[in-house]
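The values are calculated or read from the model by the stated rules, or taken from the named source; none is laboratory data. Note that the structure is a prediction, hence the values are computed from the model and not measured. Because the Cβ atoms are built from the backbone with ideal geometry, glycine has one as well, and the counts that use them run over all protein chains shown. All accessible areas refer to the heavy atoms of the entire protein, side chains included, with ligands and DNA or RNA removed. Shrake-Rupley method; radii C 1.70, N 1.55, O 1.52, S 1.80 Å.
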Amino acid sequence: MAEHAEHPAYPVGLRLTGRRVVVLGGGQVAQRRLPALIAAGAEIVLVSPDATPSVEAMASAGEIRWERRPYAEGDLADAWYALIATPDAEANERASAEAERTRTWCVRSDDASAATAWTPATGRSEGVTVAVLTGRDPRRSAAVRDAIVEGLRDGTLKAPHHRTRTPGVALVGGGPGDPDLITVRGRRLLAEADVVIADRLGPRDLLDELPPHVEVIDAAKIPYGRYMAQEAINNALIEHARAGKAVVRLKGGDPFVFGRGMEEAEALAEAGIPCTVVPGISSSISVPGAVGIPVTHRGVAHEFTVVSGHVAPDDERSLVDWASLARLRGTLVVLMGVDKIGAIAQTLVAHGKSPETPVALVQEGTTAAQRRVDATLATVAETVRAEDVRPPAVIVIGEVVTVGPQSAQRNA
């Protein structure tokens, strides 16, 4: 191999489904490489006296067959591909020589120059496999791979589909507000969209990244009035999808956490429109975390409950059992409850919750305008008025409000 080292490697994709692959050594190299071989459908034989816990778990799950012994001559018989990664240099040499005799493609972790194949830095994004080889500079290969995959995922690297796309709608959870907190898949679908129907609470900064040809529809301004708004949104989704457009319904938080996402999914299903749901990071967890409040904490709260506060406790439309919530010892997170927090606090106290229970209100969480205001159940109504707390705000009720370094500084 040495005399040919100056020639570049010839790239090829191996189809290993149902074919024998032998891995020698059960250490960190095998731990990194085995998942991709398993995903390729290979019939994997691991030959090694020992293995890392993760590799052992793959064997226990039946994903690989493990022969607990050192390498022996003949182990590569009938193998299509071999990965040599043992700590025994002499065994590696013998296995490499066997691979050369049997014409088995062979990767060596200890001596790339003695191998007949090199493992590229590999990444995947929505059915595309990116494999990068830069000779003997694996860090550069990984950096190039990461740049390409990230570009494909977030849409900054354009790779349009040239086959006919199936029109449909993606219900995308945009997260709590910070544009960096949308999922990779959500950002990619936005980059591929023809039409985006956006909520007021969606991450607005993402809209500025869209190409000029993308039609952006403000869901808050769809006509027919407040009580027809959801029906109008459903109709707009259906109309644009039927026109052959790729439609993204961009929602704040997660589509199915007080987001009416299921109503839209049901309307699309009834109309025969394909629908993809992309979960988002819910503000009920992320916003408290952004100001240093864990919704659960060992020894403090073993559960958390998320409720909508848009309907007052004494309203006949309320579906919340506030009396039961008052008896819980964990964390209570209230969304859409700023203007009802006085009545909510009063109801919780009336059903047995201590008036001194800590409360934190986090306005515009994860955005540049984020602020945190602390109170108790006894003082929260007046605090909201005095501090002019406005929606959107996440309200956290419980002892977790006093946990963490930020709370300690506030109480100092």
Gained length - Arg371 relative to Thr52, 0.36 nm times residue gap less alpha-carbon distance: 110.3 nm
Fluctuation leader among Ala57, Ala193, Ala220 - the chain, Gaussian network, Cα springs under 10 angstrom: Ala57
Dipole in debye (nearest 20) - the chain, about Cα centre, beta carbon charges: Lys, Arg +1; Asp, Glu -1: 280
Computed label-point distance, nm, for sites Arg327 and Thr17 using a 7 Å Cα→Cβ extension: 5.6
Spatially proximal aspartates and glutamates relative to Lys340 (Cα-Cα < 17 Å; intrachain offsets below 8 disregarded): Asp314, Asp315, Glu316, Asp321, Asp374, Glu382, Glu387, Asp388
The chain: most fluctuating residue of Gly337, Gly74, Gly261 per GNM, C-alpha cutoff 10 Å: Gly74
Net charge, Thr347 excluded, C-beta distance under 13 Å - Lys, Arg +1, Asp, Glu -1: 0
Portion, in percent, of the accessible area of the range 299-380 that falls on carbon or sulfur, probe 1.4 Å: 52
The range 282-338 and the range 50-72: distance between their alpha carbon centers, rounded to Å: 45
Cα-Cα pairs of the range 315-389 separated by more than 14 Å (percent): 62
Accessible area (Å², per residue) of the chain, counting only protein heavy atoms and a probe of 1.4 Å: 55
Dimensionless Rg ratio for the range 58-213, taking C-alpha atoms and the 2.2 N^0.38 Å reference: 1.52
FRET efficiency estimate (nearest 0.05) - Cβ-Cβ, Ala229 to Asp315, R0 22 angstrom: 0.60
FRET efficiency for His7 and Trp105, using Cβ-Cβ distance with R0 set to 22 Å, rounded to 0.05: 0.85
Extreme residue, positive dipole direction of the range 234-273, given options Val248, Gly272, Gly259 (C-beta unit charges): Val248
Directionally averaged shadow of the chain, computed from the convex hull of its alpha-carbon atoms, nm²: 27.4
Within the chain, helix-based [θ] at 222 nm, where runs of 4 or more DSSP H residues each add -39,500 (n - 2.57), nearest 500: -9000 deg cm²/dmol
In nm, spacing of pseudo-spin labels at Ala350 and Asp218 (7 Å Cα→C-beta vector): 3.9
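I want the local charge near Thr383. Using Cβ-Cβ distances under 12 Å, sum +1 for each Lys or Arg and -1 for each Asp or Glu among the other residues. Could you put the intermediate results ahead of the total?
On the way: positive: Arg372, Arg385; negative: Asp374, Glu382, Glu387, Asp388.
Charge balance in the 12 Å sphere: -2.
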Efficiency of FRET from Cβ geometry, Arg204 and Ala386, R₀ 41 Å, rounded to 0.05: 0.90
Reach of Lys245 by Cα under 12 Å, taken over aspartates and glutamates that are not fewer than 8 positions away in the same chain: Glu192, Asp194, Glu215
Extension reserve of the Arg32-His302 stretch, reckoned as 0.36 nm per residue once the Cα distance is removed: 93.7 nm
Estimated dipole of the range 219-328 in Debye, rounded to 20 [Cβ of Lys and Arg +1, of Asp and Glu -1, Cα centre]: 420
